[in-house]
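The values are calculated or read from the model by the stated rules, or taken from the named source; none is laboratory data. Since we're looking at a predicted model, the values are computed, not measured. Neighbour counts are summed over all protein chains in view; Cβ atoms, including those assigned to glycine, are modelled from backbone coordinates with ideal geometry. To get the accessible areas, we keep the full protein, side chains included, count just its heavy atoms, and leave off ligands, DNA and RNA. Shrake-Rupley method; radii C 1.70, N 1.55, O 1.52, S 1.80 Å.
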Amino acid sequence: MFSLDINNEKTELAKTFVATLIELMKTDDKIIALDADLGSASGLEKIKKTNPDRFIDVGIAEANMTGIAAGLSAVGFIPFIHSFAPFVSRRNYDQLYMAGAYAHNTVNIFGSDPGFAVGPNGGTHTSFEDVALMREIPEAIVCDASDAVLLEWIVKTFAKLKGIHYVRANRKGVKNIYKKGSTFELGKANVLNEGKDILIVCAGQLVSDALDACKILADKNVSAQVIDMFCIKPLDAETLLKCAAGKKAVMSFENHSIVGGLGSAVAEVLAENAVGVKFKRIGVNDRFGEVGSQEYLQKTFGLTAQNLVEQALTLLGKN
Amino acid sequence: MTKEQLLDLKRLSAQIRLDILKMLLHMGYGHLGGSLSLVETMSVLYSKYLRYDPKNPRWTDRDMIVLSKGHAGAVLYAALANLGFFDKEILNSLNEGGTILPSHPDRLKTPGIDMTTGSLGQGTSLAAGIATGFKLNKTDQYVYLIVGDGELNEGQCWEAFQYIAAKKLNNCIVMIDINKKQLDGWTKDILNPFDIAKKMEAFGFFTVKANGADEESISMALDKCREIKDGAVCIALDTTKGQGVKYFENYASNHSVKFNNPEIIKAAEDAISELENYLKGDKKNV
Ligand SMILES: Cc1ncc(C[n+]2csc(CCOP(=O)(O)OP(=O)(O)O)c2C)c(N)n1
């Protein structure tokens with residue numbers, strides 16, 4: 001069970017990731033962390049002090065790291081790998097697919113700074129397609145963490161499973177949403193509030209913005225419901241359909257391309273179940289990333305609460 | 001090289017170094033160490049070897065630079081601004097939303113940038129393709145491929161090197177910035193590269209070592225490489241991360257520096273005024 005604790009404070013999710021792994025390592029000597037020369041950026045290099053032989057910096061070689069992780073899992077280890085999201089999804093895709101998924105090895109992946117979280121690293125380091133790529137791998141589990149409590153739970157859950165498991169999250173500060181100690185269910189969406197006019201299906205860091213949008217919409221007499229679809233694959237069709245029923249419109253809101261990510265997954269469910277509701281995907285529309293502050297990028301790509309509100313009003317015919 | 005020429009090169013190096021420091025200090029952070037280690041290399045390449053036209057950056061007969069270690073974009077930008085590719089004021093827009101100067105070079109955004117890089121390793125194959133194209137076109141153009149020593153961790157570099165050597169692409173001059181550090185620390189601690197020059201020789205490259213802080217040494221190495229007509233060539237540049245500014249050479253985390261405390265800001269400001277004084281000074285006194 002989860003409950004909300006929205007307090008406008010932020011937690012750096014890389015810190016949460018590292019602390020969770022160190023905690024897991026206390027009771028499970030099979031957990032092992034790998035990084036590709038970003039151990040200081042992720043903080044994983046801390047493990048050098050706590051568990052010296054449970055951190056491997058393979059150097060700048062993400063494809064190699066993925067293969068090594070798969071090999072480690074073949075002899076009983078539980079590997080977690082990290083790099084910036086594009087370099088542990090796009091760059092190493094065939095290794096994830098073949099050495100990992102197809103051979104039924106285990107690779108747990110933390111892709112950091114997805115989408116606009118890239119900030120000054122710019123277009124070459126931007127991933128608006130990692131979720132789409134990961135969804136495509138048979139049996140893979142794909143998550144987008146909206147806050148620290150959820151990320152901790154996801155990492156602990158991944159550690160118990162065999163297969164390819166991907167979670168994306170901002171390394172830096174992200175607003176707290178859930179109360180400490182909350183538990184969740186893989187493949188089950190978190191329904192965050194009640195609302196009767198419009199359903200906003202969201203994941204990752206943008207969940208906070210969706211909740212902000214809800215408040216603005218309420219002032220305009222629009223009652224919006226938000227669900228945190230943190231597990232994009234497998235997608236919780238049941239909750240989605242239940243919440244969509246009776247709504248005037250459904251929207252997806254993602255820090256990702258509208259092709260192949262959360263919005264596509266939601267569209268597939270709505271279409272196949274003949275839910276004839278107005279529907280709009282808010283996300284990145286066939287564009288590359290670029291350089292700038294997170295705030296600038298969020299605005300540039302229309303991934304703000306304000307834009308969500310505008311789009312919702314348009315969809316409802318109130319603009 | 002005449003004394004006069006050497007002095008001109010050193011002045012350009014000082015100017016590029018100064019502009020990098022100013023640019024990154026203005027922004028408050030940035031990839032300082034790996035930009036500074038390439039200052040002398042850039043000033044030699046642009047002054048003596050590259051054929052280019054700042055008024056016509058896409059001139060088809062130009063030589064090209066592929067900065068495969070794209071995070072060092074600042075050194076290219078500083079060089080390009082000094083050579084007249086764009087206004088110097090633009091340097092302060094590094095990384096700002098809408099800028100033409102993103103942290104990693106983008107050939108669609110910046111006049112004078114020949115190739116888009118930033119995902120380490122990929123520039124090596126791009127340069128191999130460019131060199132192949134030059135050969136197919138029967139031109140005498142060169143592509144200068146600049147690779148980081150940490151970047152050599154990427155397997156793609158070695159795939160490209162095998163190709164460049166097998167195809168005898170003497171028109172792709174591989175320059176390795178051996179500053180002995182990568183992001184997480186010393187290259188020998190992260191993934192021991194052993195003797196990079198020897199490795200390149202074993203891969204079939206005619207390999208010359210040069211002091212990457214010395215314009216004359218870099219220039220001599222380039223002359224030697226350009227004499228080779230029937231095989232691959234490589235320059236192993238012995239450099240220092242943070243090169244040319246003692247404080248940053250000794251600063252442990254000098255990969256991406258945050259100018260967020262008085263000591264480090266002062267170190268940058270001191271280096272800036274030292275370089276400005278040098279550049280104001282009489283040539284003969286240098
Ligand atoms: C494929 C890829 N993985 C990781 C990174 C992140 N990264 C940027 S610079 C760097 C270290 C580069 O080391 P080196 O090539 O030695 O450059 P230098 O020390 O000269 O700056 C890393 C890991 C990246 N840009 N691309």
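Using a simple spin-label model with points 7 Å from Cα along the Cα→Cβ vector, what separation in nm is obtained for A:A245 and A:K160?
Computed distance between label sites A:A245 and A:K160 equals 3.0 nm.
Can you give the Kirkwood hydrodynamic radius of segment B:3-285 from its Cα pairs, in Å with one decimal? Before the final figure, lay out each step's value.
Working: mean 1/r = 0.0531 Å⁻¹.
After inverting the pairwise mean of 1/r, the radius is 18.8 Å.
Please tell me the relative contact order of chain A in percent, rounded to the nearest whole number, where contacts are Cα pairs under 8 Å and at least six residues apart.
Values: 722 pairs, mean separation 58.1, N = 319.
It comes to 18 percent, rounded to a whole number.
What is the distance in Å between the Cα centres of segment B:221-243 and segment B:1-19?
Their Cα centres are 19 Å away from one another.
Per the Debye formula with a single identical scatterer at each Cα and no solvent contribution, what log10 I(q)/I(0) holds for segment A:190-315 at q = 0.13, 0.16, 0.18 Å⁻¹?
Computed log10 I(q)/I(0) values: -0.46, -0.71, -0.90.
If one computes the Cα centroid of segment B:155-213 and of segment B:97-120, what distance in Å separates the two points?
Value for the Cα centre distance between the two parts: 24 Å.
Give the average over all directions of the projected area of the C-alpha convex hull of segment B:147-274, one decimal, in nm². If you can, show how the numbers build up before the last one.
Details: hull surface 34.7 nm².
For segment B:147-274, averaging the hull's shadow over all directions gives 8.7 nm².
Roughly how much of A:E295 is accessible, in Å² to the nearest 10, using a 1.4 Å probe?
120 Å²
Remind me, what semi-axes does the protein assembly as shown give for its equivalent ellipsoid, largest first in whole Å, using sqrt of 5 times each Cα gyration tensor eigenvalue?
On the way: eigenvalues 423, 140, 104 Å².
After scaling each eigenvalue by five and taking roots: 46, 26, 23 Å.
With r as the distance between the Cβ atoms of B:D87 and A:K180 and R0 = 60 Å, compute the FRET efficiency 1/(1 + (r/R0)^6) and round to 0.05. Mind showing how you got there, number by number?
Details: r = 52 Å, r/R0 = 0.87.
With R0 = 60 Å, the Cβ-Cβ based efficiency is 0.70.
How high is the relative contact order of chain B, in percent, counting Cα pairs under 8 Å that sit 6 or more residues apart?
On the way: 529 pairs, mean separation 64.5, N = 286.
The value is 23 percent.
Per the Kirkwood formula on distinct C-alpha pairs, the Rh of segment A:10-175 is how many angstrom?
Working: mean 1/r = 0.0656 Å⁻¹.
Answer for segment A:10-175: a Kirkwood hydrodynamic radius of 15.3 Å.
Pick from A:A203, A:A218, A:A61: which is most flexible by mean-square fluctuation in a GNM of chain A where alpha carbon atoms under 10 Å apart are linked?
Checking each option, the largest mean-square fluctuation is seen for A:A218.
Determine the calculated [θ] at 222 nm for chain A from helices alone, applying -39500 (n - 2.57) to every DSSP H run no shorter than 4 residues and normalising by the residue count; nearest 500 deg cm²/dmol.
Numbers: 11 runs with 104 residues, N = 319.
Computed ellipticity for chain A at 222 nm equals -9500 deg cm²/dmol.
Find the Rg to Rh ratio for chain A, where Rh is the Kirkwood radius over alpha-carbon pairs and Rg uses the same atoms.
Numbers: Rg = 18.9 Å, Rh = 19.5 Å.
Expressed as Rg/Rh, it is 0.97.
Counting only protein heavy atoms, what percent of the accessible surface of the protein assembly as shown is carbon or sulfur at a 1.4 Å probe? Before the final figure, lay out the partial values.
On the way: 12620 of 24380 Å².
Heavy-atom surface of the protein assembly as shown belonging to carbon and sulfur, 1.4 Å probe: 52 percent.
Suppose accessible area is computed on protein heavy atoms with a 1.4 Å probe; arrange A:H165, B:H26 from highest to lowest. Please report the intermediate quantities before stating the final value.
Details: A:H165 0, B:H26 105 Å².
Output order, biggest surface exposure first: B:H26, A:H165.
When each pair of different Cα atoms in segment A:120-183 is counted once in the 1/r mean, what is the Kirkwood radius in angstroms, to one decimal? Can you show the working numbers first?
Details: mean 1/r = 0.0753 Å⁻¹.
Roughly 13.3 Å, rounded to one decimal.
Each label point is 7 Å from the Cα along the Cα-to-Cβ direction; what then is the distance between the points at A:T314 and B:K167, in nm?
4.6 nm
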